[in-house]
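> Quick one: this structure, given as structure tokens, is what I'll be asking you about.
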Amino acid sequence: MSANDKQNTVPNALPDGYRFNEFEIKEVIGGGGFGIVYRAWDHQLERTIAIKEYMPVSLAQRTPDLTLELRGERFQKLFNAGLNSFIQEARLLARFNHPGLLHVLRFWEENGTAYMGTLYYSGMTLKEWQITSPEPISEVWIRRLLPPLLGAISTIHQAGYLHRDISLDNIQIQDNQLPVLLDFGSARKEIGNLSDETEIMLKPGFTPIEQYSEEGEVEQGPWTDIYALGAVLHSLITGNPPPVSVVRCIEDNYQPLVERKPAGFSLPLLHAVDCALAMKPGDRPQSIDAFAALIDLPVSDVEAIVNSLQAAAEMQPASILMTEEAVEAPEPVVMAVNHGASTIEPVTPRNVRRLSPGLLGMAFVALLAVITVVWMVNKRSVAPKMENTPAASSEAPAAPGVVTTPATLATVYLKLGNGQNVVLNGQPFDVKPGSSGFAALSLAAGQYRIEVHAGSVTHVQSLTIDKPGTWLINPGK
């Protein structure tokens with residue numbers, strides 16, 4: 001994809017050539033719903049850097065003079081909350097000097113928003129690595145990956161913070177094979193916590209049960225990140241994440257790796273992953289050191305990683321090493337970056353939320369649907385004809401004489417009371433709530449206006465389906 005293509009696919013991006021004093025934007029690397037990432041050139045130090053811009057597209061848009069303006073005054077509180085979190089991220093990361101953590105060079109506010117300048121990391125995320133690697137991922141490769149990654153996580157924990165979003169997408173493998181721990185997603189989470197919107201995009205597999213809970217129940221701690229790390233290793237070893245934790249707390253169908261015995265992996269490594277994925281926080285390793293001891297691995301400190309970099313420099317061209325010194329080399333090529341999010345969050349340990357029986361049942365149904373939807377998309381199957389599977393308005397007409405049904409892309413769980421009626425895109429829609437109080441709608445890609453009529457009162461919610469997933473919505477809230 002060319003730079004112009006990226007510019008077109010990332011709306012509201014600053015144009016190539018835009019200058020922040022000595023920093024000149026060269027191209028858009030990627031963007032998500034809460035930020036945009038650019039590759040830029042530092043004219044003073046003559047090096048490539050990355051610039052992250054706080055840009056929540058649902059709350060703000062770019063004006064012709066390139067500043068941001070709110071889409072409505074009601075979004076001011078949410079925008080400011082995300083902005084403050086973005087600022088705190090930069091301050092936190094600037095305190096760390098670990099090669100395995102994103103290194104912040106500078107932070108500033110401009111154009112009605114905020115920016116973070118960081119080192120530029122070439123390479124690809126673990127997710128991309130898993131998909132594109134020509135060779136199967138081996139235990140030898142995992143044992144090379146873990147010490148510096150464990151060192152980065154331990155550095156965060158020792159400073160009194162948690163990552164709380166460790167996943168395949170948030171670990172980048174540099175060209176020198178050393179990992180960098182990326183996004184904490186602070187702006188995204190802060191806006192989600194304060195937003196009145198009840199739409200929730202579920203990403204199953206990597207989140208332990210305590211992160212679904214209400215305040216006053218199970219405390220989060222290093223064991224929370226250790227569960228997510230175990231899910232990453234489970235994905236690398238088996239090709240799939242473990243079962244969703246909310247489902248496991250109802251019926252735990254997790255099959256221990258020491259019983260499955262995948263070929264090529266030792267029992268100590270498999271046992272460590274099983275321990276990390278224990279449902280009860282107290283049954284997991286309580287620290288990174290304890291987890292590393294289970295597989296007889298060191299937790300690499302900064303000095304050990306620097307030595308690894310020096311050793312790599314003797315074997316590979318200096319141009320692939322990311323240092324703060326200017327290097328006379330061609331501009332690096334980005335194979336993959338963390339496109340989904342562009343911020344990192346300082347997260348202090350805190351009390352979490354207790355999982356209520358209603359939420360538990362609701363999440364159980366929804367998360368099972370996630371697995372089903374993902375399986376269907378991967379199989380490229382077409383959903384059978386169903387009364388509650390409306391076609392998106394953008395679907396192309398079928399050929400004459402051919403009856404087709406748009407493939408279901410997402411499942412929407414709609415809070416619905418007895419006697420309430422649903423109108424979908426202006427048409428009455430026959431759907432009934434289940435025992436959980438939620439009705440299930442299987443939807444194809446497209447834009448939807450969902451109306452819930454309760455007597456003389458009508459609640460409305462708009463929804464855009466453009467990717468596989470599961471949503472929980474409550475228009476009447």
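The values are calculated or read from the model by the stated rules, or taken from the named source; none is laboratory data. This structure is a prediction, so every number in the text was calculated from the model and none was measured. Counting neighbours? That spans all protein chains shown, and the Cβs are built from the backbone with ideal geometry, glycine included.
> For the range 227-333, list the helices (runs of 4 or more DSSP H) that sit wholly inside it and hold at least 3 residues that are at pLDDT below 95 and more than 25 Å from the chain's Cα centre (by Cα); which are they?
Values: elements: 245-248, 257-260, 267-276, 288-294, 302-315.
Passing ranges, in order: 302-315.
> Cβ-Cβ distance below 7 Å, separation of 6 or more or different chains: which pairs start in the range 72-100 with a residue that is farther than 27 Å from Ile156 by Cβ and end on one that is in a helix (DSSP H, G or I)?
Final answer for the pair search is Lys77/Leu194.
> Taking Asn97 as meeting all but one of (1) at pLDDT below 95; (2) out of contact with any His (no Cβ under 9 Å at 6 or more places or on another chain), write down the number of the exception.
(2)
> Hydrophobic (A, V, I, L, M, F, W, C), assigned by TED's automatic domain parsing to the domain that holds Ile29 and either under 21 Å from the mean Cα position of the chain (by Cα) or at pLDDT 90 or above (or both): does that describe Ala90?
Numbers: hydrophobic (A, V, I, L, M, F, W, C): yes; assigned by TED's automatic domain parsing to the domain that holds Ile29: yes; either under 21 Å from the mean Cα position of the chain (by Cα) or at pLDDT 90 or above (or both): yes.
For Ala90, the condition - hydrophobic (A, V, I, L, M, F, W, C), assigned by TED's automatic domain parsing to the domain that holds Ile29 and either under 21 Å from the mean Cα position of the chain (by Cα) or at pLDDT 90 or above (or both) - is met.
> Among the residues of the range 37-51, is there at least one that is in the same structural domain as Ala114 (by TED's automatic domain parsing), surrounded by 16 or more Cβ atoms within 10 Å (Cβ to Cβ), more than 18 Å from Tyr121 (Cβ to Cβ) and aromatic (Phe, Trp, Tyr)? Reasoning before the result, please.
In the first step, residues of the range 37-51 are kept if they are in the same structural domain as Ala114 (by TED's automatic domain parsing); the result is 37-51.
From what is left, the residues that are surrounded by 16 or more Cβ atoms within 10 Å (Cβ to Cβ) are 37-42, 47-51.
Remaining after also requiring more than 18 Å from Tyr121 (Cβ to Cβ): none.
No.
> Across the range 221-250, what is the total count of residues that are polar (S, T, N, Q) and crowded, with 24+ Cβ neighbours inside 10 Å?
Step one: of the range 221-250, the residues polar (S, T, N, Q) are 224, 235, 238, 240, 245.
From what's left, crowded, with 24+ Cβ neighbours inside 10 Å: 224, 245.
The number of residues fulfilling the criteria is 2.
> What single numbered condition from (1) assigned to a helix (DSSP H, G or I); (2) in contact with a strand residue (DSSP E or B) (Cβ under 6 Å, 6 or more places away or on another chain) fails to hold for Gln172?
Every listed condition holds for Gln172 apart from (1).
Residue-wise test of (1) among the β-branched types (Val, Ile, Thr); (2) assigned by TED's automatic domain parsing to the domain that holds Gln130; (3) touching a Gly at 6+ places or on another chain (Cβ under 7 Å).
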position	(1), (2), (3)
Asp225	no, yes, no
Pro241	no, yes, yes
Tyr254	no, yes, no
Val258	yes, yes, no
Gly264	no, yes, no
Ala272	no, yes, no
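> Checking the condition modelled with pLDDT under 75, outside the structural domain of Pro204 (by TED's automatic domain parsing) and either hydroxyl-bearing (Ser, Thr, Tyr) or assigned to a strand (DSSP E or B) (or both), which residue from Thr411, Thr458, Thr464 passes?
The conditions single out Thr411.
> Assess whether Pro148 counts as being out of contact with any Phe, Trp or Tyr (no Cβ under 9 Å at 6 or more places or on another chain), outside the structural domain of Gly30 (by TED's automatic domain parsing), over 18 Å from Thr238 (Cβ atoms) and at pLDDT 90 or above.
Numbers: out of contact with any Phe, Trp or Tyr (no Cβ under 9 Å at 6 or more places or on another chain): yes; outside the structural domain of Gly30 (by TED's automatic domain parsing): yes; over 18 Å from Thr238 (Cβ atoms): yes; at pLDDT 90 or above: yes.
Answer is yes for this residue.
> For the range 55-118, please list each of the strands (runs of 3 or more DSSP E) lying entirely inside it that holds at least 3 residues being more than 22 Å from Trp41 (Cα to Cα). So that I can check it myself, show each step before the final result.
On the way: elements: 60-62, 68-70, 104-110.
Correct list: 60-62, 68-70.
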